[in-house]
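Just so you know, all these numbers are worked out from the coordinates, no wet-lab data involved. Just so it is clear, the structure is predicted and the values come from calculations on it, not from any experiment. Glycine also receives a Cβ, built like all others from the backbone with ideal geometry; neighbour counts cover every protein chain displayed.
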Number of protein chains: 2
Amino acid sequence: MTRVLVVDDEPQILRALRINLRARGYEVDVAADGESALRLAARDHPDVVVLDLGLPGIDGIEVIEGLRGWTSVPIIVLSVRDREADKVAALDAGADDYVTKPFGMDELLARMRAALRRVTPADEPVLIETPDFTIDLAARRVTRAGEEVRLTATEWHILEVLVRNAGRLVTQRQLLQAVWGPKYETETHYLRVYVGQLRRKLEPVPSEPRYFLTAARMGYRFEPEAP
Amino acid sequence: MTRVLVVDDEPQILRALRINLRARGYEVDVAADGESALRLAARDHPDVVVLDLGLPGIDGIEVIEGLRGWTSVPIIVLSVRDREADKVAALDAGADDYVTKPFGMDELLARMRAALRRVTPADEPVLIETPDFTIDLAARRVTRAGEEVRLTATEWHILEVLVRNAGRLVTQRQLLQAVWGPKYETETHYLRVYVGQLRRKLEPVPSEPRYFLTAARMGYRFEPEAP
DNA sequence: GCCTCCGCGTACAGATTGTGTAAGGAAGCC
DNA sequence: GGCTTCCTTACACAATCTGTACGCGGAGGC
């Protein structure tokens, strides 16, 4: 089922969108400000985000940047601002589309379909195999020596972000933002605890990590292949 | 180099687009009708297509369908028609974006960048190779003779600034400002220490730098190729 | 040609900060 | 109530950063 995260501070628009999208068979998350948007996105992993730019609190552009730190989910921006500079800023920050209010529901739906169509065929590898364990992203399952490894929700969340960025460094900020939300950007000790648990469950020698590598003062990196 | 196929039957728009896109470093193909568009696309495999809907001969929608038969190249539709039904039809036929004429060149360029970004995911391996070592900016990793070279956060930061300005001189002020912040503009000796460490870790003969060159009283320069 | 001065590179050590691990309390679920 | 999971704190250890000292060499003045 396709999940949409709708972010807008105007209740009637939020309501209209929710009703329309539900009627079309989408599962709908709603948020009225940037912080909840980032938190919900981190928790629910929507397939597409519809984002109003004129938010209270965190700026819409910052929400785009926050999301882009860890996910490539399509972002469709809604905005009353019709100035070219605004569009360029949003698109260059990482938005996929920019629709000016007032907009037609059919157009928005068509743009959503277009955005979703692009994502689906590019099905990322769902199975990640290493010499020591196998990760099935679709089934949310990790197998080690034939046995299933039980992971908690938080452990899985961290694993997922790292694995989806395999080979790349993920900064502590990105991880914290993705898993706990933007307010926790400084709580780096959470990461230490949970990365440590992942290592204990998955690394052949937890004290000498081979897959979940630390880059001091920067972040962590998942390295799927034995070096 | 990025190749753009522009399809429009109005000569002045075609001309304006060609000039603007060339000026931005794109390679530009042009076509004035649907048939040439399909032919050129097949021949040249553009990275993005900018397509006017109001074409003589084959309908614009048919061009989209024709392209979608064999390629997923991003298609940005231009059109004078602002009716929602037209947008929906084009998007559902396979277009990625729909821009109503008259449009701003900056907006179109931003939408092109957004479309291109999706195709070439931002995580394209940003690899800088020299005869002696390889830098992977995404992974934050340096490999030398097959072995990973461990760099500290500060070392990385300096390396990154230098590498992103490869071949150009980076002033001491720029470096200090980028790595330590504007308050440290005068602490040039920090640079000496850390550039020295980079040389020790990466230069074949640290005392005779070949990649990390000093420009006395000015700054440093990274030279990726052996002279 | 000699001397001085300034900037550069290196070495090193104390202070600071980051990291990994263990463990306990709170909250939720069966 | 027992179990699991999450959040939080504490602590030891290690790595990194910061700051000082010193030797070297080239540019320019004399």
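Per-peptide packing, taken as the mean over residues of other Cβ atoms within 10 Å, places A:48-55, B:126-133, B:143-150 in the sequence A:48-55, B:126-133, B:143-150 from highest down. Working ranking of peptides A:1-12, B:179-190 by packing, defined as the average number of other Cβ atoms within 10 Å per residue, highest first, is A:1-12, B:179-190. Residues whose amide H comes within less than 5 Å of that of A:Arg217, counting only those at least five positions distant or on another chain, are absent (H built at 1.01 Å from N in the peptide plane).
Per-residue 3J(HN,Hα) values for the stretch B:57-67, derived from phi via the Karplus relation 6.51 cos²θ - 1.76 cosθ + 1.60 with θ = phi - 60°, read x, 3, 6, x, 4, 5, 4, 4, 4, x, 5 Hz in sequence order (x marks Gly and Pro). In percent, rounded to a whole number, the relative contact order of chain B is 12, using alpha-carbon pairs under 8 Å and six or more apart. Between B:Glu208 and B:Asp92, the modelled labels are 7.1 nm apart [label points 7 Å from Cα along Cα→Cβ]. Of the three principal axes defined by the Cα atoms of the stretch B:106-195, the extents in descending order read 46, 37, 22 Å. Counting, for every residue in A:108-117, the Cβ atoms of other protein chains within 10 Å of its Cβ and taking the mean gives 5.
DSSP beta bridges confined to chain B are antiparallel in about 50 percent of cases. Counts of other chain beta carbons within 10 angstrom of each beta carbon in peptide B:86-96 average 4. Based on every Cα atom in chain B, Rg and the maximum pairwise Cα distance Dmax equal 24.2, 69 Å.
Couplings for the stretch B:207-213, taken from phi via the Karplus curve 6.51 cos²θ - 1.76 cosθ + 1.60 with θ = phi - 60°, read 7, 10, x, 10, 10, 9, 9 Hz in order; Gly and Pro are left as x. Taking a ≥ b ≥ c as the square roots of the Cα gyration tensor eigenvalues, the stretch B:76-118 comes out oblate, since a/c reaches at least 1.5 and a/b does not exceed b/c. Extending 7 Å from Cα along the Cβ direction at A:Glu27 and again at B:Thr152 yields two label points whose distance is 4.7 nm. Distance between the pseudo-spin-label points of B:Ala42 and B:Lys183 (7 Å out from Cα toward the beta carbon): 6.6 nm.
Amide H contacts of B:Arg140: A:Leu169, each under 5 Å away and 5 or more positions distant or on a separate chain (H built 1.01 Å from N in the peptide plane; Pro and chain starts excluded). Its convex hull of Cα atoms gives the protein assembly as shown a direction-averaged projected area, equal to a quarter of the hull surface, of 25.0 nm².
Counting from the shortest, the label point at B:Ala145, 7 Å from Cα toward Cβ, is 3.7 nm from the same position in each remaining copy. Taking amide hydrogens as placed 1.01 Å from N in the peptide plane, the amide H of A:Val48 sits under 5 Å from those of A:Arg3, A:Leu5, each at least 5 positions away in sequence or on another chain.
Roughly how tilted is helix B:188-202, in degrees to the nearest 10 and between 0 and 90, from the longest Cα axis of chain B? The two axes meet at around 80 degrees. Derived scalar couplings between HN and Hα for the stretch B:33-44 equal 8, x, 5, 5, 4, 5, 5, 5, 4, 5, 6, 9 Hz in order, rounded to whole Hz, by the Karplus curve 6.51 cos²θ - 1.76 cosθ + 1.60 (θ = phi - 60°), x for Gly and Pro. Ellipticity at 222 nm from helices only: DSSP H runs of n ≥ 4 in chain B, each -39500 (n - 2.57), divided by the residue count, give -12500 deg cm²/dmol.
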